[in-house]
1. Which three extents, in angstrom, do the Cα atoms of the stretch A:35-123 have along their principal axes, listed largest first?
2. Got a number for the accessible area of A:Met236? Probe 1.4 Å, square angstrom, nearest 10.
3. Report the net charge of residues surrounding B:Trp220, where surrounding means a beta-carbon distance below 13 angstrom and charges are Lys +1, Arg +1, Asp -1, Glu -1.
4. Could you pull out every residue, at least 5 positions away or on a different chain, whose amide H is within less than 5 Å of the one on A:Glu225? Hs are placed 1.01 Å off N in the peptide plane, and Pro or chain starts have none.
5. Apply the Karplus curve 6.51 cos²θ - 1.76 cosθ + 1.60, θ = phi - 60°, to the phi angles in the stretch B:76-83 and return the couplings in whole Hz, x for Gly and Pro.
6. Going by accessible area, probe 1.4 Å, with all protein chains left in place, what is the ranking of A:Ser147, B:Ser59, largest first?
7. Please list the non-local residues whose amide H lies under 5 Å from the amide H of A:Leu175, H modeled 1.01 Å from N, same-chain partners needing a gap of 5 or more.
8. Students often get this wrong, so check it: of B:Lys222/B:Lys322; A:Lys112/A:Lys193; A:Lys45/A:Lys243; A:Lys57/A:Lys155, which have C-alpha atoms separated by over 22 Å?
Amino acid sequence: MAPSALLQVTGVYKNFGGVQAVSDLSFELSPGELLGLIGPNGCGKTTTVNLITGFVKPSQGKIFFQGRNITGMAPHKIVRLGIARTFQMVKPFYQLPAYKNMIIPLYSPRVKQLAGGKYGDRDAVALDLLEEVGFERDAYVAYKNASVLPQGYLKRLELAKAIALQPDLMILDELFSGLSLAEVASILPIIEKLRQEGKTIIMIEHRLKELFRIADRVVVLNFGEKIAEGPSNVVMESDAVKKAYLGVEA
Amino acid sequence: MKKRKERIDRGIKARSGDIFALSSWREMLYLSAPRLIPIIGFMVLPLVLGDYWQKVLLSVAVFALLAISWDILAQSGMISLGQALFFGTGAYAAGIFNYYWHWHPLISIAAATIAGGLLCTLFLLPVLRLRGIYFSMVTLIIPLMLVRIIEATKIFGGTEGLTGIEALSSKWIELYLAMAVLTAALFGFRRMIASDYGLILKAINDNDRSVINAGINIYWFKTQALFISACVGAFAGAFMTHVYMFAGMPVFALDYSILPIAAAVVGGPGTLAGATLGAFILVPLSEILRGIGGLRIVLYGLFLVVFIVALPEGIFQYVQRKYHQFERWVEVE
């Protein structure tokens, strides 16, 4: 394993009964990199995220994070090590204001540990973080119940919850799905800012145009197998990728 | 002339979070009445009631505590059908401490509260991963099993139970101990539920994935909620052992499981105050209906059904809403 790799996935297999969801998957991630994870529906992207974050245990293979073997570790322990993720389907506390939804990540043992054993004023931190992801403070959006917020804000809330954990690696699972072009355009700068701050990010995305604008490298999956890896322009020229996406021989 | 009903929040105008700018006695009363009325009520009731109703009041307090204990668990996503487990374990623990080791009743109650809480947490620890009906079924079965174990092995007096347990020194200590613990549990745990800690417990119920995703060990939090709830239930049992001067198999009876749930549901689950209010309605009602004999259960059941159908949110939520809003008819057009 390269000593500089932040995350290393080596020969991971996962089968659900007879279904081979992920098969012999290996890839590495260097610190500060933005990796796109793409592929057709059902190709195993979300399963890969679940494997890295411990929500699903691999049938075979190993996963290392910061040189530590995290294979089969409980998901909450993996979060404490510094991997945060967003979920494709957002499910906030609808009956609570947006900023109160932030209390859950801000209650994390990781946040406490990074702050030197003190939680601080969680409400204030929550409001600051939400402003960072575009909850306009002047308009009091953060005080509105999650039930009345449009999808764009709910996705930002999901992103803010991941940022609150101050992770070393962020995994964004289809952050742009269900959003309008304008909403995507307003979230992109936030991700670019995170990159400038040196965050390492894995993005699962179907909106390839936006993804390719910011991704350093792309891993393409099909039927659980890695069919291509490299810079986006190179990968999209590959015959296997064309076949997987377009369903025809190139 | 058309009219339309308008609802207006009665709230205090200058308010930010929990900081209020109180400008009149009226506003102070508005804010403090919901807290003062139950506290004063709890303190005064023992003084104004006759002997018989004082006994009923003890029963009310015990069922209110069991209902609070049920509600705390339900908030954290654990629907228990076996509050009798907590009650019975506490009752037997107190019985054992006093019968075999002759501990002073107050010490025995305190020790049985902790010991009962620990034991019940241990009993349910293996099934903490179960959710919904699966968890409920296990809680229903364990007290029934314990009864049979006691019957078959004849431990702790077997079917006879432990008799001759020392009573608390006076009925006033009984009454005010029950009322003081009820007040502390009601207000203390309401505060806990409203805190960020309570929010995490509720989040575990609502969407446990998001809590795990914050690096929080949900089983540790569930264990804490279970221990807290079990301690409340165990106190109720330990207390009753010293009131009845007896601990036997009836302490695992189904009544102690079902009535608290009925109280919490009628009163309004999720608030603890609703659970308390429910116990204050259902237990005396059951006593009043005692006069009519066999039809008592029918009437009691009917009352439950009517309330659950008419006020599914629970009495407390309804009253709370009415308290914070006033309605008036305004002319339109």
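1. Cα spread of the stretch A:35-123 along its principal axes, largest to smallest: 42, 31, 22 Å.
2. Surface open to solvent at A:Met236 totals about 50 Å².
3. Numbers: positive: A:Lys77, A:Arg80, B:Arg129, B:Lys222; negative: B:Asp208.
Net charge around B:Trp220: +3.
4. Here A:Ser23 satisfy the definition.
5. In residue order, the calculated couplings are 8, x, 10, 8, 9, 10, x, 4 Hz.
6. Working: A:Ser147 70, B:Ser59 25 Å².
Listed by decreasing accessible area, they come as A:Ser147, B:Ser59.
7. Result for A:Leu175 returns A:Ile204.
8. On the way: B:Lys222/B:Lys322 34 Å; A:Lys112/A:Lys193 24 Å; A:Lys45/A:Lys243 18 Å; A:Lys57/A:Lys155 27 Å.
Beyond 22 Å between Cα atoms: B:Lys222/B:Lys322; A:Lys112/A:Lys193; A:Lys57/A:Lys155.
The values are calculated or read from the model by the stated rules, or taken from the named source; none is laboratory data. Since the structure is predicted, the reported quantities are computational estimates derived from the model, not experimental observations. With ideal geometry, Cβ positions are generated from the backbone for all residues, glycine too; neighbour counts draw on all protein chains shown. Protein only, heavy atoms only, side chains kept; ligands, DNA and RNA dropped before computing areas. Shrake-Rupley method; radii C 1.70, N 1.55, O 1.52, S 1.80 Å.
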